[in-house]
1. Looking at region 31-56, I want the residues that are without any contact (Cβ under 8 Å) to a residue 60 or more places away in the chain and have a partner that is among the aliphatic types (A, V, I, L, M) with Cβ atoms under 6 Å, at least 6 apart or on another chain. Which pairs are those?
2. Among the residues of region 66-112, how many are of a type in the set (Phe, Trp, Tyr) and over 13 Å from the mean Cα position of the chain (by Cα)?
3. How about region 7-51: which of its residues are surrounded by 15 or more Cβ atoms within 10 Å (Cβ to Cβ), modelled with pLDDT under 95 and in a strand (DSSP E or B)?
4. Say we look at region 57-75 and pick out the residues that are in contact (Cβ under 8 Å) with a residue 40 or more places away in the chain and open to solvent by 30 Å² or more (accessible area, probe 1.4 Å); which of these is farthest from residue 108 (Cα to Cα)?
5. Would you pick out the residues in region 52-76 that are of a type in the set (Val, Ile, Thr) and under 21 Å from residue 27 (Cβ atoms)?
6. State all residues of region 99-113 that are part of a loop (DSSP other than H, G, I, E, B) and among the acidic types (Asp, Glu); if no residue qualifies, say none.
7. Which residues, counting only those in region 114-124, are of a type in the set (Gly, Ala, Ser) and part of a strand (DSSP E or B)?
Amino acid sequence: QVQLVESGGGLVQAGGSLRLSCAASGRPLRTYAMGWFRQAPGKEREFVAAVTVTGGNTYYADSVKGRFTISRDNAENTLYLQMNTLKPEDTAVYSCAAELLSGWGTLDPKFGFWGQGTQVTVSS
């Protein structure tokens, strides 16, 4: 089992930046591929980005490619999402996930563990 806790969300103006963190406990993150997802009000949860165990490979949803960067620090047991040039349509609850079960490279990867999420609100 691994417990995931996100932080770093908040209110930011369009064009601004935020850095989300996902801290893990229970088991070392270095054993898991990980990802970020988001869910806007009234919409289904959608994939944002994913990273391999070592951090050597990543991929992104087209909607965030070039603006968001996923990274990890296995020594600190933490996953990050750097979000730049934020847009109002990026407003959502952002959740991290660990233990990729299937679907690497797709827009619907399956993960075994989930955090509760952190709210990101981008004002226009």
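The values are calculated or read from the model by the stated rules, or taken from the named source; none is laboratory data. What you see is a predicted model, and the numbers here were worked out from it, not measured in a lab. Note that we place each Cβ from the backbone using ideal geometry, even for glycine, and neighbour counts take in every protein chain shown. Remember, those area values only see protein heavy atoms, side chains included, never the ligands or the DNA or RNA. Shrake-Rupley method; radii C 1.70, N 1.55, O 1.52, S 1.80 Å.
1. Short answer, once both residue conditions are applied: 40/92; 48/61; 48/64; 49/70; 51/34; 51/70; 52/33; 53/33.
2. Number of matching residues: 1.
3. Across region 7-51, the qualifying residue is only 24.
4. 74
5. 52, 53, 54, 70
6. Of everything in region 99-113, just one residue is part of a loop (DSSP other than H, G, I, E, B) and among the acidic types (Asp, Glu), namely 108.
7. 123
Here is a yes/no grid of residues against (1) in contact with a Leu (Cβ under 6 Å, 6 or more places away or on another chain); (2) open to solvent by 60 Å² or more (accessible area, probe 1.4 Å):
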residue	(1), (2)
83	yes, no
88	no, no
91	no, no
94	yes, no
104	no, yes
108	no, yes
112	yes, no
115	yes, no
124	no, yes
